[in-house]
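K.L.:
Can you keep this structure in mind? I'll have questions shortly.
The values are calculated or read from the model by the stated rules, or taken from the named source; none is laboratory data. Keep in mind that what you see is a predicted model, and the values were worked out from it rather than measured. When we count neighbours, we look across all protein chains shown, and the Cβ atoms used for this are built from the backbone with ideal geometry, even at glycine. The accessibility values were calculated without ligands, DNA or RNA, using every heavy atom of the protein model including side chains. Shrake-Rupley method; radii C 1.70, N 1.55, O 1.52, S 1.80 Å.
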Amino acid sequence: MKIAILSRDSKLYSTRQLKEAGEKRGHEMLVIDYLRCYMNITSNRPTVIYQGQQLKGVEAVIPRIGASHTFYGTAVVRQFEMMEVFALNESQAISRSRDKLRCLQILSRKGIGLPVTGFAHSTKDIEGVIELVGGAPLVVKLLEGTQGIGVVLAENYQAATSVIEAFRGLDANILVQEYIKEAKGMDIRCFVVGDKVVASMKRQGKEGEFRSNLHRGGLAEKIRLTPEERSTAVRSAKAMGLRVAGVDILRSNHGPVVMEVNSSPGLEGIEKATHVDVSGKIIEYIEKNAGPNKNRDRIKH
C-alpha cells in the first residue's frame, strides 16, 4: 500500500515512527510537507501536486497537521478525500476538534463528562462567568492555545478578573473552567485508535505547575484506566469523528472529565511511557480499513 504522511518535518519522532512502522509491514511510505502541496480543484479530476509532480496511487494519508496550519492542512486532506483516498482522520473531524469551544459543545451534547465551562465575549460579564464555574480558583484558556500555552490558573477572584480582562483586551477568545483541585496537577492521555484505547499514560505536572503537558516539563508513566475512563475516551473520539485521537482526561470527584480531544497526538511520550507500539497499531488500522472500495464508501465532499 502507498501511504502518505502529511507532516512538515520528516525528522519529528512521530513522523519517523509512522514511516518506519509502515515500511516494516511492507508499505511504501511518503512524507509530504502539506504546505508545499498545491491543488487542482476541478469537478471531474481533483489532484494534489507536490514538488512539481502529481501525487498518484496514494491509498491512504496520515494527517499530522500543526495547529497553526489547520486551514491549509485540512484543505489538503479534503482534496485527498475528493480523490477517494482514505484519510486516517478526515478534514471535517480535524477542524471540529481544533475548535475547542465547538469540541466541548459536541461532547456536552453527547453527555460526556466535562469541567464546568463558561464562555463570554464582554468583560462586563466577568463576574457572572466566574460565578458560573464556581468561583476561584479557576482556569482561563485561550481557544487557540496548544501544548499548555495560553492556559492560566487564577487562584483568587482578583487574579481571575485581571487575567480575563487582559485576554479580552487582546481581543482573544477564551474559555473559563472550574479548577479540578483533586486532580493535583495530573491528567491522563488516552490514545484511541478506532474503537479502542491502545495505550494510556498519566502525566504529572512538575512541582508548582498545574499543567501536566510534557512540553511544560511534566513526567509520564503508564496507568491502568477504569472501565468508565476507557469508555469516556472512546466515546469522545467517536463524537468528534476521529479515528485516531489523544483524549485528555482528569479524575474528578464526580468521575472522569474530558479536557481536550487532540486530532494529531504525539507518539513519543506515549510510546516511551507505555512501551506500546502505537505507530504499528495505527498502520494496522489503516490496513484493515483502507482500500479503493472502502474509500469510495467513506468519501465526504
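K.L.:
What's the number of the condition Ser231 fails, among (1) crowded, with 16+ Cβ neighbours inside 10 Å; (2) modelled with pLDDT of 95 or more; (3) farther than 26 Å from Val85 by Cβ?
P.N.:
Among (1) crowded, with 16+ Cβ neighbours inside 10 Å; (2) modelled with pLDDT of 95 or more; (3) farther than 26 Å from Val85 by Cβ, the lone unmet condition for Ser231 is (1).
K.L.:
Of the residues Lys294, Lys281, Lys288, which is modelled with pLDDT under 95 and farther than 19 Å from Cys103 by Cα?
P.N.:
Details: Lys281 fails: modelled with pLDDT under 95; Lys288 fails: modelled with pLDDT under 95.
Lys294 is the lone residue from the list that is modelled with pLDDT under 95 and farther than 19 Å from Cys103 by Cα.
K.L.:
Okay, next question. Could you check Asn89 against (1) open to solvent by 10 Å² or more (accessible area, probe 1.4 Å); (2) touching a Pro at 6+ places or on another chain (Cβ under 7 Å) and say which number it fails?
P.N.:
Only one criterion in (1) open to solvent by 10 Å² or more (accessible area, probe 1.4 Å); (2) touching a Pro at 6+ places or on another chain (Cβ under 7 Å) is unmet by Asn89, namely (1).
K.L.:
Another one. For residues that are touching a strand residue (DSSP E or B) at 6+ places or on another chain (Cβ under 6 Å) and not hydroxyl-bearing (Ser, Thr, Tyr), scanning just segment 113-127, find the one that is nearest to Asn173 (Cα to Cα). Give the derivation first.
P.N.:
Step one: list which residues in segment 113-127 are touching a strand residue (DSSP E or B) at 6+ places or on another chain (Cβ under 6 Å), which gives 113-119.
Within this subset, residues satisfying the condition of being not hydroxyl-bearing (Ser, Thr, Tyr) are 113-116, 118-119.
Values: Gly113: 23, Leu114: 19, Pro115: 18, Val116: 17, Gly118: 12, Phe119: 8 Å.
The extreme case among them is Phe119.
K.L.:
Hey, can you tell me all the residues within segment 109-142 that are open to solvent by 40 Å² or more (accessible area, probe 1.4 Å), touching a residue at least 12 places away in the same chain (Cβ under 8 Å) and on the phi > 0 side of the Ramachandran plot?
P.N.:
Gly134
K.L.:
Let me ask you something else. Across segment 143-185, which residue is modelled with the lowest pLDDT among those that are surrounded by fewer than 19 Cβ atoms within 10 Å (Cβ to Cβ) and among the charged types (D, E, K, R)?
P.N.:
For segment 143-185, the residue satisfying everything is Glu144.
K.L.:
Something else about it: Taking segment 234-286 as the region of interest, how many residues are closer than 27 Å to Arg16 by Cβ and not in a loop (DSSP other than H, G, I, E, B)?
P.N.:
26
K.L.:
Kindly indicate whether Ile188 is farther than 22 Å from Phe119 by Cα, of a type outside the set (D, E, K, R), within 15 Å of the chain's Cα centre (by Cα) and modelled with pLDDT of 90 or more.
P.N.:
On the way: farther than 22 Å from Phe119 by Cα: yes; of a type outside the set (D, E, K, R): yes; within 15 Å of the chain's Cα centre (by Cα): yes; modelled with pLDDT of 90 or more: yes.
For Ile188, the condition - farther than 22 Å from Phe119 by Cα, of a type outside the set (D, E, K, R), within 15 Å of the chain's Cα centre (by Cα) and modelled with pLDDT of 90 or more - is met.
So that you can scan it fast, the table gives a plain yes or no per residue for (1) basic (Lys, Arg); (2) buried (at least 19 other Cβ atoms within 10 Å of the Cβ):
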site: Ile3; (1), (2): no, yes
site: Arg8; (1), (2): yes, no
site: Ser14; (1), (2): no, yes
site: Leu18; (1), (2): no, yes
site: Glu23; (1), (2): no, no
site: Met29; (1), (2): no, yes
site: Asp33; (1), (2): no, no
site: Cys37; (1), (2): no, yes
site: Ile41; (1), (2): no, no
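K.L.:
Can you pull out the residues in segment 81-112 that are of a type in the set (Gly, Ala, Ser) and within 17 Å of Ala245 (Cα to Cα)?
P.N.:
Filtering segment 81-112 down to residues of a type in the set (Gly, Ala, Ser) leaves 87, 91, 93, 95, 97, 108, 111.
Across segment 81-112, the qualifying residues are Ala87, Ser91, Ala93, Ser95, Ser97.
K.L.:
OK, next. Based on this model, can you work out whether Ile126 counts as at pLDDT below 90 and out of contact with any Pro (no Cβ under 9 Å at 6 or more places or on another chain)?
P.N.:
Values: at pLDDT below 90: yes; out of contact with any Pro (no Cβ under 9 Å at 6 or more places or on another chain): yes.
The answer is yes for Ile126.
K.L.:
Another one. What are the residue pairs meeting all of these: first residue in segment 35-61, first residue in contact (Cβ under 8 Å) with a residue 12 or more places away in the chain, second residue small (Gly, Ala, Ser) and open to solvent by less than 60 Å² (accessible area, probe 1.4 Å), Cβ atoms under 6 Å, and 6 or more apart or on different chains?
P.N.:
What qualifies is Val58/Ala4; Glu59/Ala290; Ala60/Ala290; Val61/Ala4; Val61/Ala87.
K.L.:
Restricting segment 60-84 to residues that are within 20 Å of Arg8 (Cα to Cα) and in a loop (DSSP other than H, G, I, E, B), which is most open to solvent (accessible area, probe 1.4 Å)?
P.N.:
Quick first cut of segment 60-84, residues within 20 Å of Arg8 (Cα to Cα) only: 60-81.
Retained after the next criterion (residues that are in a loop (DSSP other than H, G, I, E, B)): 64-66.
Working: Arg64: 47, Ile65: 5, Gly66: 28 Å².
Once the filter is applied, the top-ranked residue is Arg64.
K.L.:
While we're here: Just one of Tyr13, Tyr50, Tyr38, Tyr34 is of a type outside the set (A, V, I, L, M, F, W, C) and touching a His at 6+ places or on another chain (Cβ under 9 Å); which is it? Can you show your working first?
P.N.:
On the way: Tyr13 fails: touching a His at 6+ places or on another chain (Cβ under 9 Å); Tyr50 fails: touching a His at 6+ places or on another chain (Cβ under 9 Å); Tyr38 fails: touching a His at 6+ places or on another chain (Cβ under 9 Å).
Matching residue, one of Tyr13, Tyr50, Tyr38, Tyr34: Tyr34.
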